[in-house]
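A short worksheet on the structure shown next.
The values are calculated or read from the model by the stated rules, or taken from the named source; none is laboratory data. Not measured: the values here are computed from a predicted model. Cβ atoms come from the backbone with ideal geometry, glycine included; neighbour counts cover every protein chain shown.
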Amino acid sequence: MASAVVVLWFLLIGLPGATAELPLSQATQSCLKCHESMSPNLVESWRKSSHAQHGIGCFECHQANASDPDAIPDHNGHIISTLVTPNDCGRCHAEQAASFARSRHATTALRMRQPDGQAFDGTKPEVFLGGVMQGMASFLNGCESCHGSQVAIDPETRLPLSRTYPNHGIGRINPDGSVGACSACHQRHEFRIASTRQPGVCGRCHLGPDHPQLEIWKESKHGLTFHTTNDLVDLNRRPLLLGRHPVVVPTCATCHLGGTIGGTAQTHDPGTRLSWRTGLEVSSRTTDWSDKRLAMFNVCANCHSMNLIISHYEHLDKAIALYNKKFAEPAREILDRLRQAGKLDPAPFNEKIELIWLSLWHHEGRRARMGAAMMGPDYVQWQGFYQVALRFYFEFLPEAERLSPGITAEIAARPEHRWLTEIGGTKEEAEAAIQRSIRFWLESQPPDPGSGQPDDGASATMETAPAISTPATEKSH
Ligand code: HEC
Ligand code: HEC
Ligand code: HEC
Ligand code: HEC
Ligand code: HEC
Ligand code: HEC
Ligand code: HEC
Ligand code: HEC
């Protein structure tokens, strides 16, 4: 009995050299004969892994069928592949592979391509920007490093072609027909779960001027004290469950993927907890958004009161309504009118106003919305709405007027924009106009930010929009 407990203990904490290690296959022992001396640090990091302790070696991951498009038919007597794709990991981790395959992560590189899978879809603004305005080398080293390349195999050597590899983009298109790369987040060859839970793993892609989630999290109340308050948490623990284990502040993985003891199970599809798409030109609700919001509520509720959570989401909804209704929808309306009037040609980025618009929604507008979603006040304010307003009033509207005099008049006359022309005259007149403007904001109801239809672009002004009925968050209860 006592010895069984000791063995169990070794299994749990995985001491190196513990007798609990499972034997390695013949094939893997053969790999090690060469690779132990050729690539010793690679082998050493695998040796420390839970895989090594469970008898999962080089061959178990790298093995291939002779008919696989990426198979090296005779690698010193073994059929192997350099690539280890979600199909390979999924042989043993079916649940994670299935959940990942349903996510937008998995299909992001596919969605940048035409339906034939070959050519890029240049009508997507970012694709045009990377592939045409900048150039293909920038696309390969930049865009595809995060989104994923389409890996092609050299028919002679059977190695991946350098034009498409190495690549650990999250939606990589693999020769075996699978999409994604588990190793985008799981570091080879240790595959240590504590490393995967680090916010910087997500931050490899989720950072910078257009989607600064890492920076937002770092400046939020959650990120500030992560390194000291979470020091009692064993990040290697599986499962690590909110409600049972002593997590003090959440990281990206806690909120977007981790499990709780009640209601919200671990997932590899972060979209199952999102009620908004905050990255679009005009934000829209996700399908079944209130169920998805409830799934995130269940995460927050392990650490916060309902009132705090609901209030937070109300703030978020208001920030999105403000962005959509005051800036993004009017700007899109003006662009549409300019196109209809023949003032813009079909190429997406050869006119100044198109680039002003890109900065407004893709950079500053995303920062404002994502800052509000994850509690980063500087991103909401100085990096967000301040820049959106500057862009809209002092670049976008003047440029539209230059292209087509009078085109902004109707929009500029709306009460939320009237301050631009109204505040002037004597000191007293100016003060009165400022007070009128502030009263407008205090008295107006925030408009309903979306109808529940994904990609819904229905537009209404601040003045005519229906008052928000029940706060969205309460509907989900
Ligand atoms: C007889 C020695 C030998 C054996 C046995 C061997 N390898 Fe290799 N392996 C090599 C050499 C040499 C290279 C090329 C190294 C280089 O390019 O630096 C290589 C390269 C690789 C690569 C990288 C291919 C690429 O993309 O460049 C992988 C993956 C690999 N081996 C896996 C395995 C696995 C899995 C086994 C066991 C089933 C194995 N090897 C057995 C010698 C061996
Ligand atoms: C749990 C699965 C797993 C195991 C076990 C494993 N590998 Fe890998 N290996 C990967 C993944 C994932 C990659 C990244 C390949 C890709 O781009 O898809 C990789 C890449 C490689 C590469 C090429 C990339 C490079 O950095 O040069 C070599 C060489 C390699 N592995 C050798 C080995 C050897 C030797 C062993 C045994 C000691 C081993 N692997 C065990 C999953 C595994
Ligand atoms: C041949 C089966 C097999 C393959 C292929 C395989 N694994 Fe595993 N994996 C296991 C086993 C067995 C364990 C240890 C038991 C457990 O923890 O569930 C494990 C454990 C893990 C863990 C937990 C590690 C920890 O620190 O607790 C992760 C993460 C993981 N695998 C990811 C991957 C990824 C990613 C791939 C593909 C690159 C992969 N595995 C390929 C069988 C496999
Ligand atoms: C540093 C990593 C990184 C680079 C480089 C990058 N992206 Fe992205 N991209 C992302 C992330 C992360 C998102 C998700 C944005 C969000 O919702 O927060 C995204 C979103 C997108 C979307 C919107 C997806 C959708 O359907 O909603 C497109 C399209 C896109 N990127 C294309 C590109 C192109 C083209 C390039 C090169 C010009 C590029 N990206 C460069 C990480 C990157
Ligand atoms: C977006 C990053 C990301 C990608 C891509 C990813 N994982 Fe994970 N994975 C994680 C995180 C984070 C956790 C830990 C979640 C938690 O805290 O419970 C995890 C946990 C796991 C676990 C441990 C599950 C358990 O028992 O708790 C396995 C196994 C695993 N992943 C396999 C895979 C496989 C297989 C793939 C590819 C099909 C994959 N992962 C792709 C981030 C990722
Ligand atoms: C290798 C790059 C990369 C890594 C690493 C990465 N992501 Fe992403 N993520 C993306 C891209 C690209 C998108 C945009 C996908 C699209 O809409 O086309 C995205 C989208 C998302 C979304 C929006 C999903 C949706 O359904 O709209 C969330 C949430 C997210 N990522 C969270 C995470 C978390 C949490 C991690 C770490 C555990 C992580 N990501 C790691 C590249 C990455
Ligand atoms: C406290 C929990 C929490 C933490 C920690 C957190 N997020 Fe979020 N995240 C949210 C919430 C809430 C939203 C908005 C949800 C909604 O749409 O209903 C969001 C939105 C997002 C989005 C926008 C998705 C879209 O398409 O609109 C991405 C991407 C994202 N988070 C990635 C990350 C990354 C990367 C990290 C870590 C650096 C992180 N998050 C940390 C709660 C969190
Ligand atoms: C693992 C516990 C945990 C989870 C999960 C969590 N938080 Fe927090 N949150 C905290 C802690 C602890 C603080 C206070 C940190 C401090 O004071 O430095 C905090 C602070 C906050 C604050 C700032 C409150 C204030 O008084 O200024 C808001 C808002 C917030 N969280 C919202 C959320 C939302 C919304 C979610 C879910 C999407 C969430 N949190 C998930 C632990 C958590």
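List of remarks:
- For segment 240-262, the set of residues classified as within 11 Å of ligand 5 (Cβ to nearest atom), over 17 Å from the mean Cα position of the chain (by Cα) and either of a type in the set (A, V, I, L, M, F, W, C) or at pLDDT below 95 (or both) consists of Leu240, Leu241, Leu242, His245, Val247, listed by residue number.
- Considered as a group, the residues in segment 20-55 that are in a helix (DSSP H, G or I) and near ligand 2 (Cβ under 7 Å from one of its atoms) include one that is farthest from Thr82 (Cα to Cα), and that residue is His51.
- Test: residue in segment 231-240 that is within 16 Å of ligand 7 (Cβ to nearest atom), acidic (Asp, Glu) and surrounded by fewer than 19 Cβ atoms within 10 Å (Cβ to Cβ): no
- Test: residue in segment 376-394 that is closer than 19 Å to Thr123 by Cβ, out of contact with any Leu (no Cβ under 7 Å at 6 or more places or on another chain) and modelled with pLDDT of 95 or more: no
- Qualifying residue in segment 288-296 (condition: without any contact (Cβ under 8 Å) to a residue 24 or more places away in the chain, charged (D, E, K, R), away from ligand 1 (no atom under 16 Å from the Cβ) and assigned to a helix (DSSP H, G or I)): yes
- One residue alone among Arg192, Arg172, Arg197, Arg204 is of a type in the set (Lys, Arg) and more than 10 Å from ligand 6 (Cβ to nearest atom), and that residue is Arg192.
Condition check ((1) within 29 Å of the chain's Cα centre (by Cα); (2) crowded, with 17+ Cβ neighbours inside 10 Å) across all residues:
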| position | (1), (2) |
| --- | --- |
| Val43 | no, yes |
| Gln53 | no, yes |
| Ser67 | no, no |
| Leu83 | yes, yes |
| Gly90 | yes, yes |
| Gln96 | yes, yes |
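- Here the condition is being over 17 Å from Arg91 (Cα atoms), of a type in the set (S, T, N, Q), surrounded by 13 or more Cβ atoms within 10 Å (Cβ to Cβ) and modelled with pLDDT of 95 or more; of Ser37, Ser49, it holds for Ser49 alone.
- Considering Thr164, Thr225, Thr157, the condition of being more than 21 Å from the chain's Cα centre (by Cα), polar (S, T, N, Q), under 27 Å from Phe385 (Cα atoms) and more than 14 Å from ligand 5 (Cβ to nearest atom) is satisfied by Thr225 alone.
- Here Thr228, Thr272 are screened, and the one residue that is in a helix (DSSP H, G or I), over 30 Å from Ser444 (Cβ atoms), among the hydroxyl-bearing types (Ser, Thr, Tyr) and within 16 Å of ligand 4 (Cβ to nearest atom) is Thr272.
- From the options His35, His62, His54, residue that is under 30 Å from Gly148 (Cα atoms) and within 10 Å of ligand 3 (Cβ to nearest atom): His62
- Test: residue in segment 297-308 that is crowded, with 20+ Cβ neighbours inside 10 Å, under 30 Å from Ile356 (Cβ atoms), modelled with pLDDT of 95 or more and not aliphatic (A, V, I, L, M): no
- Residues of segment 173-213 satisfying the condition of being within 14 Å of ligand 7 (Cβ to nearest atom) and crowded, with 21+ Cβ neighbours inside 10 Å: Ala184, Cys185, Arg197, Cys202, Pro212, Gln213
- Condition check for Gly142: farther than 29 Å from Arg91 by Cα, touching a Cys at 6+ places or on another chain (Cβ under 6 Å) and either assigned by TED's automatic domain parsing to the domain that holds Leu360 or away from ligand 6 (no atom under 11 Å from the Cβ) (or both): no
- For segment 272-296, filtered to residues that are within 21 Å of Leu240 (Cβ to Cβ) and near ligand 7 (Cβ under 9 Å from one of its atoms), the residue that is surrounded by the fewest Cβ atoms within 10 Å (Cβ to Cβ) is Met296.
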